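> Could you have a look at this structure, given as structure tokens, before my questions?
The values are calculated or read from the model by the stated rules, or taken from the named source; none is laboratory data. Just so you know, these numbers come straight off a predicted model, no measurement behind them. Counting neighbours? That spans all protein chains shown, and the Cβs are built from the backbone with ideal geometry, glycine included.
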Amino acid sequence: MEIAPYLEQRLLEQYGAEETESIRRGFSAARCTTLRTNRLKGTPEKTAAALEAAGIPFERVPWFEDAFRLEAGMEKEISQLPLYAQGEIYVQSLSSMLPPLLLGARPGDNILDMAAAPGGKTTEIASLTGGQAMITACERNLPRLERMKANLARQGCTRVTAMNVDARQLDDFFSFDRVLLDAPCSGSGTVSRDSRGRFEPALLKKTAALQRALLEKALRLVKPGGTVVYSTCSILREENEDVVAALLKGGKCELVPVEEGRFTEVPRLPCSLPGTVLVRPTEAYEGFFAAVLHRKR
Ligand code: SAM
């Protein structure tokens, strides 16, 4: 499979020829369809029973009881299940399920989701907290915000305030127990057989600058002692390790290493910032990055 020339150049510089070849194989693989139970409306047992009744083969995911892995190309079959229309399940990539788990939100927490549409992670946080966390979900793009609102309604997420705002403009007066920044990115981890896309140096530079500004804002908006999770669906260090390392240099936060073995089975790429998660693209996973930060008191 062909990769956009500048992306290929960056992958070769960061990972070398052998890893780049294996990343290319990951991009080329037919990606499994994956979904998650929405605990506000259903249970994993009910999801499993509905899939079995519909004759849809599935596997469970060892690190997340709510997640299901199906064969590739099953989106249409899933969208026809009553469970889907009722919002009892949400189609979401496995990699994208990681940040809400890392955020560790609890009922009663005040959460900010800075770049939230279409709401995959917002709805997951609501599900994980039994709908008992207050979530502010920001999105700059209005059509995407509207899509998120529809998803929130279908998934029964009532304690979510959706805001059409550039998260960099949020008033520093706000303060949250936990902040998720699932940052806008180049999407370099999600290249697939069907998406080749444009990839230019200027785009990468602009995206990295936006990510730094948003992450600095996240640190100002989280309470002292609070948690920030930073994630992207990129596998380039300019958007991942470098963004986090620049923030750590400021001395106001520390990296909370993700426990070794917590996400068994999740395939990893070599990463220059130990304690973070850098997911290798494969047939089951999109390329992805996540880091957990703790604001010092
Ligand atoms: N978290 C979402 C989910 O799990 O469904 C995916 C978020 S996507 C990676 C990044 C989103 O950030 C896009 O919807 C984009 O429109 C939005 N965005 C970009 N710049 C933003 C900004 N400055 N403030 C708020 N949202 C922004």
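> Of the conditions (1) closer than 19 Å to Arg36 by Cα; (2) away from the ligand (no atom under 12 Å from the Cβ); (3) surrounded by 19 or more Cβ atoms within 10 Å (Cβ to Cβ); (4) among the hydrophobic types (A, V, I, L, M, F, W, C), Met148 clears all except one; give me its number.
Met148 satisfies every listed condition except (2).
> Would you confirm, using the coordinates I've provided, whether Leu103 is touching a strand residue (DSSP E or B) at 6+ places or on another chain (Cβ under 8 Å) and among the hydrophobic types (A, V, I, L, M, F, W, C)? Please lay out each step first, then the result.
Working: touching a strand residue (DSSP E or B) at 6+ places or on another chain (Cβ under 8 Å): yes; among the hydrophobic types (A, V, I, L, M, F, W, C): yes.
Yes; evaluated as a whole, the condition is true for this residue.
> Quickly run through the stretch 94-124 and pick out the residues that are of a type in the set (Gly, Ala, Ser) and out of contact with any Gly (no Cβ under 8 Å at 6 or more places or on another chain).
Filtering the stretch 94-124 down to residues of a type in the set (Gly, Ala, Ser) leaves 95-96, 104-105, 108, 115-117, 119-120.
Residues satisfying the conditions are Gly104, Ala105, Gly108, Ala115, Ala116, Ala117, Gly119, Gly120.
> Could we say that Cys185 is within 13 Å of the ligand (Cβ to nearest atom), at negative phi, in a loop (DSSP other than H, G, I, E, B) and without any contact (Cβ under 8 Å) to a residue 60 or more places away in the chain here? Spell out the reasoning first.
Values: within 13 Å of the ligand (Cβ to nearest atom): yes; at negative phi: yes; in a loop (DSSP other than H, G, I, E, B): yes; without any contact (Cβ under 8 Å) to a residue 60 or more places away in the chain: yes.
Answer is yes for this residue.
> Filter the stretch 103-140 for residues that are of a type in the set (Val, Ile, Thr) and buried (at least 24 other Cβ atoms within 10 Å of the Cβ) and give the result. Let's see the steps before the verdict.
To start, the set of residues in the stretch 103-140 that are of a type in the set (Val, Ile, Thr) comprises 111, 122-123, 125, 129, 135-136.
Of everything in the stretch 103-140, those that are of a type in the set (Val, Ile, Thr) and buried (at least 24 other Cβ atoms within 10 Å of the Cβ) turn out to be Ile111, Thr122, Thr123, Ile125, Ile135.
> Sort out for me the helices (runs of 4 or more DSSP H) sitting completely within the stretch 52-142 that have 1 or more residues that are more than 16 Å from the ligand (Cβ to nearest atom) and hydroxyl-bearing (Ser, Thr, Tyr). First the steps, then the outcome.
On the way: elements: 75-79, 82-85, 98-103, 120-128.
In the stretch 52-142, the matching helices (runs of 4 or more DSSP H) lie at 75-79, 82-85.
> Which of the numbered conditions does Arg196 fail, given that it passes all the others? Conditions: (1) within 27 Å of Ala284 (Cα to Cα); (2) at pLDDT 95 or above.
(2)
> What's the total number of residues in the stretch 87-100 that are free of Cβ contacts under 8 Å to residues at least 60 places away in the same chain and surrounded by fewer than 21 Cβ atoms within 10 Å (Cβ to Cβ)? Quick ask: steps written out before the conclusion?
Taking the stretch 87-100 first, the residues free of Cβ contacts under 8 Å to residues at least 60 places away in the same chain are 88-89, 91-92.
Going one step further and asking which of them are surrounded by fewer than 21 Cβ atoms within 10 Å (Cβ to Cβ), we end up with 91-92.
The total comes to 2.
> Which residues, taken from the stretch 202-218, are surrounded by fewer than 20 Cβ atoms within 10 Å (Cβ to Cβ), among the aliphatic types (A, V, I, L, M) and more than 14 Å from the ligand (Cβ to nearest atom)?
The one that is surrounded by fewer than 20 Cβ atoms within 10 Å (Cβ to Cβ), among the aliphatic types (A, V, I, L, M) and more than 14 Å from the ligand (Cβ to nearest atom): Ala202.
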